[in-house]
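Laboratory data are not the source of any read-out in this text; all were calculated from the coordinates shown. Note that the structure is a prediction, hence the values are computed from the model and not measured. All Cβ positions, even for glycine, are placed from backbone atoms using ideal geometry, and neighbour counts span all protein chains on display.
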Amino acid sequence: MRWSRYYIPTLKEAPADAEVVSHRLLVRAGMIRRLTAGIYAYLPMGLRALSKVEAVVREEMNRAGAAELLLPAVQPADLWKESGRWTQYGRELLRFKDRHESDCCLGPTHEEVITGLLRGELRSYRQLPLILYQIQTKFRDEIRPRFGLMRGREFIMKDAYSFDKDDAGASASYAAMFDAYTRIFRRLGLRFRAVEADSGAIGGNFSHEFMIPAGTGEDVIAACASCDYAANNERAETARPPHREEREPPPMRETATPGVKTVADLAEFLHIPPSGIVKTLVLEADGKPVAVLVRGDHEVNEIKVKKLLGADVVRQASPEQVEAWCGAPAGFVGPVGLDAPVLADHALWEREGWVCGARAQDRHLVDVSLARDAGIRDFADLRAAGPGAACPRCGGRLEFIRGIEAGHVFKLGLKYSKAMNAVFLDKNGREQHLVMGCYGIGVSRVVAACIEQNHDARGICFPPPMAPFAVHLVLLDRQSREAAAQAEKIYAELCAGGYEVLFDDRNERAGVKLNDADLIGLPAQIIVGAKSLGRGAVEAKDRRNDRREDLSLAGFAEEFGIFWESVRKGWGLTGSAV
Ligand code: ATP
Ligand code: MG
């Protein structure tokens, strides 16, 4: 491709709203342009990078036996009412009415559509297992679209759905998709980690996220330094304390704590560590109150609470709800005498003799025994894992690293097939519900994540599998007839050799061209200038590490082949691309 005939509007400055490096570089390298919040146009170079990801995804999905289809973006509300998600899904679901006043939405995901499609058509166990996938534009009206392609409102996803006759089959489909994802991210040249994620009401290890470690990631991964346990910190388990101290505290008493509102204030006021305090958080679970107790230095994990209760929606109660439900202002709520369900984190099982709110303004209780004074006997894992936490598998030290969620595999079980009555006939002729799984990859997010992981001060460093072109051929001295002729010759030779080449044939200054080449970050550069031609050579440059080498004009094709292999090797890629 000749730059002069192409469209690569590079920019010197990044847009003011670009907070992360991938967003800045995608815009500056002329790959994307913002249309409105969270909605981007993919320019030719951006589209090529995207297509590279799509191609690898397609190959690996096909290899795993999944079949591609394409589902509509506009979906009727009726299907979502059947699954119950018309009301459950928040405002990310963009709803609208068509001219007949029928409720519709733009698909944020396609469980309803695919279940609705197959329930009328899949009849027999003989048609199972079945895995279908698509690569398609999704719409989620994110509350805070940001970071360019990382969290858009309109974005491209590969979503797959598996259908099996029983749980063992669903596990096999899950494993096949897990393996396909591992191959996809490996082939794309990304560093990644599969981590345990929330498996909702289903339980077991049947949800994994594929995380790309990067400082700008919005997720935190808890990874054990000693074993291979890794989980999204939203879901990371905490270990139950090994022992309980059986010492009964003295009788509970009330103490005045004027104006003391936070755990930190209370700890300072009473001269105790925050870990001696019980924090009471009041939540609203499906409209009903629930109080959750954690140690003062810990944080409640609402996802764990939701899971324990089997609730659909769990959120913090408003100050008015706290007053109404607990008879005390926020900051002074405690479990003693509380007329609401109370859940306690298992760190509190370790001992007694706590400080907690007395359910009265400016009052706290001291020497509280949760068992004796509040009747609490059951404890569960309800807190977020944090620094200092031990690995729930081996007791080792957990490390917390930031990551970008690039993919998610999930065993759905009967959730949609039951709600939407999707059945098949088993070999005894009996009706059974389809056992389902769903599997997503954020195709457009993967491009951004790749750049977060692979860039330097000058621009993007594309790994070969995701690069829009393999080679950036830069003609420095356009005025020199010899240089121009050599560049043309090399261009033809590279194309004939099967390389994808971007040929910068513009009438621009050398500095502009070289800066643009580094900004765009194709893996190999060939620089054709009068100086090296004087030596009978052109300069080859490995963008990743700036390694430069002269390639002789006489032996160019062969020498470039060797150079290209060394570039690929530097990226950890050897052998054939597949
Ligand atoms: P997140 O937690 O980041 O909001 P999610 O868990 O809601 O993502 P899934 O429903 O699992 O996302 O969607 C599958 C994949 O789609 C994700 O793993 C991610 O790569 C991608 N994705 C989700 N939301 C967005 C978005 N707003 N912009 C770009 N990609 C997204
Ligand atoms: Mg997810």
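Worth a mention:
- Principal axis extents of the Cα atoms in the range 1-48, from largest to smallest and rounded to whole angstrom, are 32, 21, 14.
- By average C-beta atoms within 10 angstrom, highest first, the peptides 499-511, 434-446, 156-168: 434-446, 156-168, 499-511
- Under 19 Å from Lys418, Cα to Cα: aspartates and glutamates that are on another chain or at least 8 residues apart: Asp78, Glu82, Glu111, Glu112, Glu121, Asp164, Asp166, Asp167, Asp312, Asp426, Glu431
- Amide H contacts of Arg235 (H built 1.01 Å from N, under 5 Å, at least 5 apart or other chain): none
- Against the empirical curve 2.2 N^0.38 Å, the C-alpha radius of gyration of the range 311-356 lands at a ratio of 1.32.
- In the chain, the calculated helix contribution to ellipticity at 222 nm averages -8000 deg cm²/dmol per residue, counting -39,500 (n - 2.57) for every DSSP H run with n ≥ 4.
- Arg363 long-range amide H proximity, modeled H, under 5 Å: Thr257, Ala358
- Principal-axis tilt of helix 44-63 within the chain, Cα atoms, nearest 10 degrees: 70
- Kirkwood estimate for the chain, i.e. one over the average of 1/r between Cα atoms, Å: 27.4
- Ranking of Cys450, Cys495 by neighbouring Cβ atoms within 10 Å, starting from the fewest: Cys495, Cys450.
- Placing +1 on the Cβ of every Lys and Arg and -1 on the Cβ of every Asp and Glu, with nothing else charged, gives the chain a dipole about its Cα centre of roughly 1200 debye.
- The rule of thumb for compact globular proteins, 2.2 N^0.38 Å, goes into the C-alpha radius of gyration of the range 501-574 1.11 times.
- Intensity falloff of the range 401-476 expressed as log10 I(q)/I(0), Debye formula with alpha-carbon point scatterers, at q = 0.23, 0.25, 0.26 Å⁻¹: -1.08, -1.16, -1.19
- Spread of Cα-to-Cα distances over 5 Å intervals beginning at zero, given as percent, for the range 263-318: 4, 20, 24, 18, 13, 11, 6, 2, 0
- Using the empirical formula 2.2 N^0.38 Å as the baseline, the Cα radius of gyration of the range 101-233 reaches a ratio of 1.23.
- Long-range HN-HN contacts of Ala194 with modeled amide H, under 5 Å: Met211
- Cleavage-rule hits (trypsin sites (Lys or Arg not before Pro)) in the range 37-120: DSSP loop, at most 11 neighbouring Cβ within 10 angstrom: Arg91, Arg99
- Arg183 versus Asn507: modelled label distance in nm, points set 7 Å from Cα along the beta carbon direction: 5.0
- The range 350-394-the range 228-271 distance, computed between alpha-carbon centres (Å): 5
- 14 Å beta-carbon shell around Gly396, net charge (K/R +1, D/E -1): -1
- A DSSP coil position with no more than 13 other Cβ atoms inside 10 Å describes the following GluC sites (Glu not before Pro) in the range 102-160: Glu121.
- Each of Ser444, Gly561, Val471 was placed along the dipole of the range 432-578 (beta-carbon charges, centred on the mean Cα), and the one lying farthest toward the positive end is Ser444.
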